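S.K.: Submitted below is the structure of interest, expressed as structure tokens.
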Amino acid sequence: MSAEPLMEPVMTQDPIDLLIAIEEASVAPIRPEYVDGAAIVPPQPDYNHSKGAVNLTVQLHMAGLDLAGMGMGFRAAHQDGSTMALVIPDFYILHREPTELDSSYLKVHKGWYPIDMIALVGEVTSSNHAMDTGAKLATYAAVGIPVYVLIDRHSRTAHCYTDPVVPSDDPTEAYYDTDDKVDLGGLLRIPAPYPTLDTTPFLQD
């Protein structure tokens with residue numbers, strides 16, 4: 001005798017509310033992220049991680065890119081409007097200053113801006129380097145962020161990923177078609193109007 005299929009709706013929790021619950025349950029201050037269907041708590045960045053990320057952001061500002069920044073959280077959505085990812089990049093350049101619509105989005109989504117504000121996104125790997133080289137890379141490509149700068153302290157290389165490709169409806173299959181890389185300590189060229197980035201600050205790792 002075969003079982004009848006379950007027709008009751010399945011209760012699901014919005015990933016934003018899940019992350020809020022994790023934050024509230026933690027004794028230490030944390031800000032978790034949501035990537036590839038899982039909540040993650042990134043390790044606390046060490047000194048060299050933070051110093052290097054700040055240095056790259058300063059280089060961008062010195063080049064006149066006033067919309068370069070750090071610390072804001074961004075939400076990516078599936079085509080049906082549900083949450084795909086909640087990320088806090090190590091640094092980024094925005095397409096625009098937040099508009100009234102962006103501010104309304106931030107309020108509705110409880111502290112997360114729309115990810116389409118990002119023109120360039122950057123990550124510096126920590127002990128969970130596979131997240132930045134795998135799931136986050138796919139996420140950034142899936143939402144069409146044109147440039148992904150990755151400082152991979154594990155492989156001691158710096159990458160400029162461009163030309164995002166989304167081969168199917170599955171965002172985990174997205175990737176960047178172009179990967180320009182240098183060894184840490186080298187000059188990483190990224191597309192105009194962005195400056196070439198000096199990665200020597202990461203040689204201290």
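The values are calculated or read from the model by the stated rules, or taken from the named source; none is laboratory data. Treat the numbers as computed from the prediction; the structure is a model and nothing was measured. Neighbour counts run over all protein chains shown; Cβ positions are idealised from the backbone, glycine included. Remember, those area values only see protein heavy atoms, side chains included, never the ligands or the DNA or RNA. Shrake-Rupley method; radii C 1.70, N 1.55, O 1.52, S 1.80 Å.
S.K.: Which shape class applies to the range 58-146: rounded if a/c is under 1.5, otherwise prolate when a/b exceeds b/c and oblate if not, where a ≥ b ≥ c are the square roots of the Cα gyration tensor eigenvalues?
M.R.: Oblate shape, in that a/c is at least 1.5 and b/c is the bigger or equal ratio.
S.K.: Quick check for you: with a 1.4 Å probe and neighbouring chains kept, what is the accessible area per residue of the range 27-111, in Å²?
M.R.: On a per-residue basis, 54 Å².
S.K.: Given a Förster distance of 45 angstrom, what is the FRET efficiency for ASP183 paired with GLU100, based on the Cβ-Cβ distance and rounded to 0.05?
M.R.: Once the sixth-power term is evaluated, E becomes 0.50.
S.K.: Per-residue HN-Hα couplings for the range 29-36, Karplus 6.51 cos²θ - 1.76 cosθ + 1.60 at θ = phi - 60°, whole Hz, x for Gly and Pro?
M.R.: x, 9, 9, x, 10, 10, 9, 6
S.K.: Same structure again: At 1.4 Å probe size, with the rest of the protein present, what percent of the exposed accessible area of the range 10-159 is carbon and sulfur atoms?
M.R.: For the range 10-159, the apolar C and S fraction of the accessible surface comes to 57 percent.
S.K.: Determine ³J(HN,Hα), in whole Hz, for all residues of the range 43-52 in sequence, where each value follows from phi through the Karplus function 6.51 cos²θ - 1.76 cosθ + 1.60 and θ = phi - 60°; x replaces Gly and Pro.
M.R.: Result, ordered by residue: x, 4, x, 7, 4, 5, 4, 5, 4, x Hz.
S.K.: Which one of MET84, ASN48, ALA21 has its Cα pushed farthest toward the positive end of the charge dipole of the range 1-160, where Lys and Arg give +1 and Asp and Glu give -1 at the Cβ?
M.R.: Working it through, the farthest residue towards the positive pole turns out to be ASN48.
S.K.: So between GLU173 and ALA77, what do we pick up on full extension, going 0.36 nm a residue minus the alpha carbon distance?
M.R.: Full extension from GLU173 to ALA77 adds 33.0 nm.
S.K.: Take a quick pass over the chain and tell me how many lysine pairs come in under 22 angstrom between Cα atoms, counting only ones 8 or more apart or on separate chains.
M.R.: Close lysine pairs found across the chain: 4.
S.K.: Using a Förster distance of 30 Å, how high is the FRET efficiency between LEU18 and HIS129, based on the Cβ-Cβ distance and rounded to 0.05?
M.R.: 0.80
S.K.: Same structure again: What is the distance in Å between the Cα centres of the range 114-132 and the range 80-103?
M.R.: For the range 114-132 versus the range 80-103, the Cα centre distance is 12 Å.
S.K.: Write down the percent of antiparallel bridges among all DSSP beta bridges whose residues are both part of the chain, to the nearest 5.
M.R.: Of those bridges, close to 80 percent are antiparallel.
S.K.: Alpha carbons only, please: Rg and Dmax for the chain, in angstrom.
M.R.: 18.1, 72
S.K.: Run the simple label-point estimate for SER50 and ARG31 please: 7 Å along Cα→C-beta, distance reported in nm.
M.R.: Between SER50 and ARG31, the label points sit 1.3 nm apart.
S.K.: Specify which residue in the list PRO201, TYR113, LEU187 is farthest towards the positive end of the charge dipole of the range 76-205, using unit charges on the beta carbon of Lys, Arg (+1) and Asp, Glu (-1), about the Cα centre.
M.R.: Value: PRO201.
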